[in-house]
Each structure stands twice: as C-alpha cells, then as structure tokens.
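The values are calculated or read from the model by the stated rules, or taken from the named source; none is laboratory data. Since the model is a prediction, treat every value here as computed from it, not as a measurement. Note that we place each Cβ from the backbone using ideal geometry, even for glycine, and neighbour counts take in every protein chain shown. Accessible surface is based on the protein model in full, side chains and every heavy atom, while ligands, DNA and RNA are left aside. Shrake-Rupley method; radii C 1.70, N 1.55, O 1.52, S 1.80 Å.
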Amino acid sequence: MSPKAGWQFWIDRGGTFTDIVARRPDGKLITYKLLSDDPCHYRDAAMHGIRQILGLPGNAPLPAEIIESVKMGTTVGTNALLERKGERTVLVINKGFGDVLRIGYQNRPDIFAQKIELPEQLYERVIEVSGRVDADGKELVPLDLENARKTLKAAFEAGIHSAAIVLMHAYRYPEHELKLGRLAIEIGFTQVSLSHQASPLIKLVSRGETTVVDAYLSPVLRRYINMVQESLEEGMEGKESGDRAEKDSGDGTEGENGDGTEKDSGDGKENEVKRSPRLMFMQSSGGLTDAETFQGKDCILSGPAGGIVGAVATSEMAGARKIITFDMGGTSTDVAQYSGEYERSLETEIAGVRLRSPMMRIHTVAAGGGSILHYEGGRFRVGPDSAGSDPGPACYRKGGPLTVTDCNVMLGKLQPEFFPRIFGPEANQPLDSELVRRKFEEFAERVSGKGKNEGNIRTPEQVSEGFLSVAVENMANAIKKISIQRGYNIKEYTLCCFGGAAPQHACRVADSLGIKSIFIHPYAGVLSAYGMGLADQRLIKERYIGSELSDALIESLKSVFSGLEHKGRLLMREQGMKESRITALYKVHMRYAGSDTQLVIDFADKDGLRKDFEKDHRKRFGFIMEGKALIVEAISVETTGINERVLDPLLEIEENPILSPVATVQM
C-alpha cells in the first residue's frame, strides 16, 4: 500500500525574496512569498514560510508526519562564493605547481588596466606533494605519503578541515589522488574533494578551480542542509518521545499481549514506518538530487535553474516550443534560451572562479527590482549594486535607497494595495508611495540643477521613466547575448516572463527586441519555486576521450556510454527512482582538430556525428572547415528520473469582459 500523500513544499530562496509553492494533500496549490533576510523576525526564511503556511507559531516544531517532501533551490552556496565566506580550505597539488591556479590562464578582462586586480583565491594554504604521473599513466616520481601526512596534519591542526586535492593527469590516472584522499580522511578532514571526481576532464586549471570550489562550498551547504533536516525532524523526535512517555506511564501491559508480544491495535498503523520528509535540492544543471548527494560545485545556479525548468514546462503546456526565459527578481535578471532541449555551458566563470561542471547557460545582469539608481556625470545608471531585502528599496520603509522598484511605484505600475503588508519595523505595513514621491522630487531637483537650467527641468515621473529605460536596455542586451549573438532568430521565440518584476517590463523588453509573443504564467511571481515541483531528477556523468573521430572509436564509445549509463541508473535507484521511470541521453563533445571550441552533439554513427557537428558549427559561427579532422573531446550521459507531473488547469476565458481601471496615474 502506498503511503498517504502529504504536504509538498517547493521553495526558491532568492537574493531578495523567498518564494514557496505548497501542494496540499488534496492537490491544491498555495503560494507564499517572504523576505529572504529578516533577522528581526526569523532565522531562516524557508522554514518560517513552511510554518506560516501550516499555521504554526514562529518556533513551533514542524509536523514531519504530514510533510511528504521539500524541494529547494538555494543561494546559500552562491552567496558564500560571492562574499568569500566559505570553509577554510587547503589546496594539495603536485610539487612545482603551487601557484598554477593563481596564475590561471593569464586572462586580462580589462586589457588597458595598469594595475591587475587578481580575484581573491578560495584556498588559504597550499601543500605541494612529491609524486608525478605522466600523460600515459607512467609513474615518474613516487608519491611521498610521509611528507604529505606531516603537512596535512599541520594544516588540520591550524584549523583547516577542508582539502582540495588536484594532481596532474588525475582525470585518467587517479591512484595518487585516491591515496591522498584516504590519508586526509584518516587525519580528520571533514571535506575532501578529489579533482577526478569533481571534474573528470582534461585541463588542470579549470579542473583544479572546480575542485577548490567544491571543497570551499560543500561544508557550508552541508551545515544549511543539516539545519533544514533538523527543523524537519524536530516534530518527529518530539512525537516519538511523547509516544514513549505515554507507553511508560501505563501499567506495563499496554500494547502487549500476555506473552509479551505486541498487541494489534486494529487500525492497521502498527506496521507504519515513521519516515522523515524527503529533502531534495536543485542543481545548476537543472535537475533535482537528494540532499545527501548535493555538492558545492553543483549549487551555484540552483535557484535560476529552477526558474528555467518551470518556464519550459509551463510554456510547453501552453504550446510554445521556442522560448526566451526572462527572470527578473529583486537583485538581478537571468535570461536563457530554449528550443527543444536545455542549453548548458561546459565551463563557466563566476565571481572570478572558473567552474567546469554542467550548468544551465544563463546570462545574468545586475538589473533587478532592487538595483540602485545612480546619477553621475550627467547620466543615469542602474546597478550593479542592489539594495537586497535588507534594507531593500525606499518603499520598503527600512531606509533603503531609490531602486527600479521605486520607479514602478512612482509611475503607478506598482499599486501598494496589491502588495502584501510585510514592510516596516513590525512587518505589517504597505509600500510607502509617499516617501518614494518625496525622494524622486529631490532627485528631479538634482537632475534639473535645482532649477538653474530652465531648459533641463525634469519632473519626478520623467526621472523615474528615464531610469526604467536604462534598465530595460540592460535587460534587452542580455537577451541579445544569449540569442542573436549565438545564431538564433529571436523573432521566432516567445518571451516567457517570470520573477517578481519581469511582467512589469515585459512589453518594453519585447518591443526593444522585436518579439511578438509574450507568455506570463499565473504563477509567474513564484515560477522558480513552481519549477522545483515540475523538475525531474538528473545526473550527468562525463568521461574524457581526446581521440579523433573514426569508426573504431564509435564502437569503443558504445561500451563507455553503457558503463556511464549503468552508474547513473544505479545512483537513480539509490535515490528511490523506479527503473521504469529512468531514461538516458548520450552526448558527444566535439571540436575541430587544432581548435578549442567544443559543440555538444547527440551520439550517432560517424557520418551522423560529422553532419550534425557541421550543421551546428555553421549555425553558430557561419562557416565549416571541410576535410578537417574532428576530435571527440569528451562524452557525457544524462540520466533522468521522471517525477510525477503536475499539470496546469485550463482557465476559462471570459467572453467580452468589462474592464475597469484600477487607478489613474500620470505617465
């Protein structure tokens, strides 16, 4: 007999707001939104939101027996990376390569800068170990475990409990890394990340940086996950101890027959297994995974990935097959392209760190609802700094600066009576439109030169409209970068708008791009959270190949694909997925010989791979190199566990509706 359905909570913890979509046991959906950071009123927004939905007091234990699952996207790891507040980490690397990650690829983002500002390294200490394997697996220098033990122990005693182990050619020959990993665990390190597991691909720098990020963020994530799990299990422990106390208070025979065996209560509950709610997290690749397998390297785009999943699923239900996702939240705007399958990047640079892990190809610009307005040198600028949720925009009544949200309040596009009363010191007041008007009047005086230049007089409405125009162009340029600049005809696409602020700007952004179709879902304000409930479980396994395309290679790849698929299916079954609901997709990462640009192609025979590669190459770059050898750089297997689908109900369209204005505003 299947367990009785319970509450499901789908949560997206963003930079400004935390969104929750709750599915009741009867299937009805409830939405809830609250500030991500409000230390005066709660410790964690996600857990507080669950309590609010269930009607519980602030510190009450959660009733675990009625909660079936919690699926989350979180910015905990992202914030730790941006703010450099991760775990103290030691880098273990081959002797002579201690500064290789600091040197990197010697990229110069600002080519004319005379003073090069290198990003702060995530690791605190470097240990160089003797031991070297060449590209063919031959041991050139034996591994010196005794010296490694001394230096690792010294780092551990200095309070560093996380280690990133990165050795040359370990993606193919990991024996030395495995030995050092076992040694680190033996010494007591609580987090040990090995490069051949974090990123089993060639290129020492990107593989090393990915491993360091994993070691740096995984302990932070683990603490947050433990806090969530403890909150979910508090109610279970309380109930169990209460049950035990009730039994102990009896005469010793309650629940037993005369011979000491358990008495059947007759209600069928004596064999019911007590289980804690299932906790899952969204990965940067767009798939859910169990909390136990969620890693630091996979958390960077956790929240935005949920938004893309939700946008794609709801758009396809509505009949749209090609979409531009436009997610404008409080801190930033995320855009992505979808035309039949998720587009992922193989290597991404975030906060000065190079990550080689499959991620949704998302372009982010600092133009969110909380982006701060600046007037400098006679020009308007929006962002990149954000007011966040504390203090937030000026209208939040916390002494914040003017932001894009305030522009919309000033122009009447946001009506305070339709916003929840969650603002002010007591979190019970509406948006403050009067304060916004006063601040924009002061801003207009400043822009107008305090009335000195009569030909340049600006009204508060004109000033707020000007800032909005700047923000709209920033967002339109971000969409061009992931569409037009990559060879896609943007006029064939539907603009899918979601996030708290995107629908307010949808028409202006679409006009700027020439897009004719806009899709706004009824849950657009919480679509990233809704996407957690629509997402499937996904695992992506990769293997480096580095060989020229040939018929013989195709045959050998079949067995490699089969092995990766077997591992993926095994891990899916361990996460509770039924075999019948597991699928696998084979991908080949290809490039021209002598080139460094890879394209990802569906696996086929030799001629099929060349044909598909040349088609994609011509679309992306406008040319092909006939007769040029093709290199299979790597392969990957995406294993998907298909979860239960939630279908959107069809809404009846009211014929000839009578529309009346909510308010009259000056534009």
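A few points about this structure:
- Selection from the range 382-428 of residues that are part of a strand (DSSP E or B) and at pLDDT 85 or above: V382, T403
- Filtered residues of the range 126-148 (kept if on the phi > 0 side of the Ramachandran plot and either in contact (Cβ under 8 Å) with a residue 40 or more places away in the chain or surrounded by 11 or more Cβ atoms within 10 Å (Cβ to Cβ) (or both)): G131
- The residues in the range 2-42 that are closer than 20 Å to F423 by Cβ and of a type outside the set (F, W, Y) can be counted, and the count is 17.
- Residues within the range 429-451 that are in a loop (DSSP other than H, G, I, E, B) and closer than 22 Å to P384 by Cβ, tallied: 0
- In the set (1) within 23 Å of L355 (Cα to Cα); (2) hydrophobic (A, V, I, L, M, F, W, C); (3) open to solvent by 30 Å² or more (accessible area, probe 1.4 Å), the condition left unmet by F112 is number (1).
- Output for the range 562-621, where each listed residue is assigned to a loop (DSSP other than H, G, I, E, B), of a type in the set (D, E, K, R) and closer than 22 Å to P358 by Cα: D596
- Residue selected from the range 93-137 under the condition part of a loop (DSSP other than H, G, I, E, B) and among the polar types (S, T, N, Q), by the criterion farthest from R207 (Cα to Cα): Q114
- Residue in the range 342-352 that is nearest to E492 (Cα to Cα), counting only those that are at pLDDT below 85 and of a type outside the set (S, T, N, Q): L346
- Contact annotation: residue pairs with Cβ atoms under 7 Å, 6 or more positions apart or on different chains, pairing a residue in the range 188-203 that is within 14 Å of T89 (Cα to Cα) with a partner that is aromatic (F, W, Y), are G188/F156; F189/F156.
- Test: S580 is within 24 Å of V312 (Cβ to Cβ), over 27 Å from the mean Cα position of the chain (by Cα) and surrounded by fewer than 19 Cβ atoms within 10 Å (Cβ to Cβ): yes
- A471 vs. criteria farther than 30 Å from A629 by Cα, over 23 Å from the mean Cα position of the chain (by Cα) and at pLDDT below 90: yes
- Members of the range 81-95 found to be in contact with a Phe, Trp or Tyr (Cβ under 8 Å, 6 or more places away or on another chain) and under 17 Å from S332 (Cα atoms), listed by number: L81
- Applying a threshold of 8 Å to beta carbon distances and a minimum spacing of six or more residues, or different chains, the list of pairs starting in the range 377-405 at a residue that is farther than 14 Å from G466 by Cα and ending at one that is open to solvent by 40 Å² or more (accessible area, probe 1.4 Å) and β-branched (V, I, T) reads S386/T331; G388/T331.
- Filtered residue count, the range 34-48, keeping only those that are over 12 Å from G58 (Cβ atoms) and surrounded by fewer than 19 Cβ atoms within 10 Å (Cβ to Cβ): 2
- Scan of the range 149-181 for residues that are crowded, with 17+ Cβ neighbours inside 10 Å, in contact with a Lys or Arg (Cβ under 8 Å, 6 or more places away or on another chain), more than 17 Å from V205 (Cα to Cα) and not polar (S, T, N, Q), ordered by number: A155, I160, H161
- On inspection, G49 qualifies as touching a Ser or Thr at 6+ places or on another chain (Cβ under 7 Å) and of a type outside the set (S, T, Y).
- Among residues of the range 543-570 that are more than 24 Å from T597 (Cα to Cα), those with a Cβ under 8 angstrom from a residue that is surrounded by 13 or more Cβ atoms within 10 Å (Cβ to Cβ) and aromatic (F, W, Y), sequence gap 6+ or separate chain, pair up as E565/Y586.
- Contact map, the range 419-430: residues that are on the phi > 0 side of the Ramachandran plot and of a type in the set (S, T, Y) paired with residues that are part of a loop (DSSP other than H, G, I, E, B) and open to solvent by 30 Å² or more (accessible area, probe 1.4 Å), Cβ distance under 8 Å, separation 6+ or inter-chain. No pairs are found.
- Residue count for the range 410-434, restricted to those that are open to solvent by 20 Å² or more (accessible area, probe 1.4 Å) and in contact with a Cys (Cβ under 7 Å, 6 or more places away or on another chain): 2
- Failed item in (1) part of a loop (DSSP other than H, G, I, E, B); (2) open to solvent by less than 80 Å² (accessible area, probe 1.4 Å); (3) within 25 Å of F189 (Cβ to Cβ), with V90 passing the rest: (1)
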